[in-house]
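The values are calculated or read from the model by the stated rules, or taken from the named source; none is laboratory data. Computed from a predicted model, the values in this text were never measured in an experiment. All Cβ positions, even for glycine, are placed from backbone atoms using ideal geometry, and neighbour counts span all protein chains on display.
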Amino acid sequence: MARPLRIEYPGAIYHVTSRGNARQNVFLDDEGKTLFLSKLERATERYGFLFHSYCLMDSHYHLLLETPKANLSLGMQRIKGDYTQAFNRIRKENWDSHTVGRMVRKALEK
């Protein structure tokens, strides 16, 4: 069965959530959460994302964001990739690899 189409359009509001691969924790400590928030800040600057709210839990996260441009996939790919690379660099002595799993998103009505 094919995945649903990922519809993107300017001004869309999305609820985005993601878990770690194999249900690993995405964040091991507050330092990891701070690192992830810095990646969200960079996305705001680079992609124009407007974050309305977020919730970071050890095993997953939720984001409520607006995209003035139709660029959610591009921005989230960057956020997740940058965070995963930084996580692996910092924790290399303890972890072989760490990635953030597939993103789930739902467009919401204004």
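Of the residues Ser53, Ser73, only one is at pLDDT 90 or above, among the polar types (S, T, N, Q), within 28 Å of Arg91 (Cα to Cα) and surrounded by 12 or more Cβ atoms within 10 Å (Cβ to Cβ); which?
On the way: Ser53 fails: surrounded by 12 or more Cβ atoms within 10 Å (Cβ to Cβ).
None of the other options fit; the residue is Ser73.
Within the stretch 15-29, track down each residue that is crowded, with 16+ Cβ neighbours inside 10 Å, in contact with a Ser or Thr (Cβ under 7 Å, 6 or more places away or on another chain) and not basic (Lys, Arg).
Gly20, Val26
Let's see how each residue does on (1) free of Cβ contacts under 8 Å to residues at least 60 places away in the same chain; (2) within 15 Å of Leu72 (Cα to Cα); (3) in contact with a helix residue (DSSP H, G or I) (Cβ under 8 Å, 6 or more places away or on another chain):
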| position | (1), (2), (3) |
| --- | --- |
| Ala12 | no, yes, yes |
| Thr17 | no, yes, no |
| Asn21 | no, no, no |
| Val26 | no, no, yes |
| Asp30 | yes, no, no |
| Glu41 | yes, yes, no |
| Phe49 | yes, yes, yes |
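Provide a single number: the residues in the stretch 49-69 that are among the hydroxyl-bearing types (Ser, Thr, Tyr) and in contact with a Cys (Cβ under 8 Å, 6 or more places away or on another chain).
1
Please go through the stretch 84-110 and pick out each residue that is surrounded by 11 or more Cβ atoms within 10 Å (Cβ to Cβ), outside any strand (DSSP E or B) and at pLDDT 65 or above.
Matches in the stretch 84-110: Thr84, Gln85, Ala86, Phe87, Asn88, Ile90, Arg91, Lys92.
Determine the pairs where a residue that is under 11 Å from Lys39 (Cα atoms), located within the stretch 64-79, has a partner that is assigned to a helix (DSSP H, G or I) with Cβ atoms under 7 Å apart, the partner being 6 or more residues away or on another chain.
These pairs meet every condition: Gly75/Ala43; Gly75/Tyr47; Arg78/Ala43; Ile79/Lys39; Ile79/Leu40; Ile79/Ala43.
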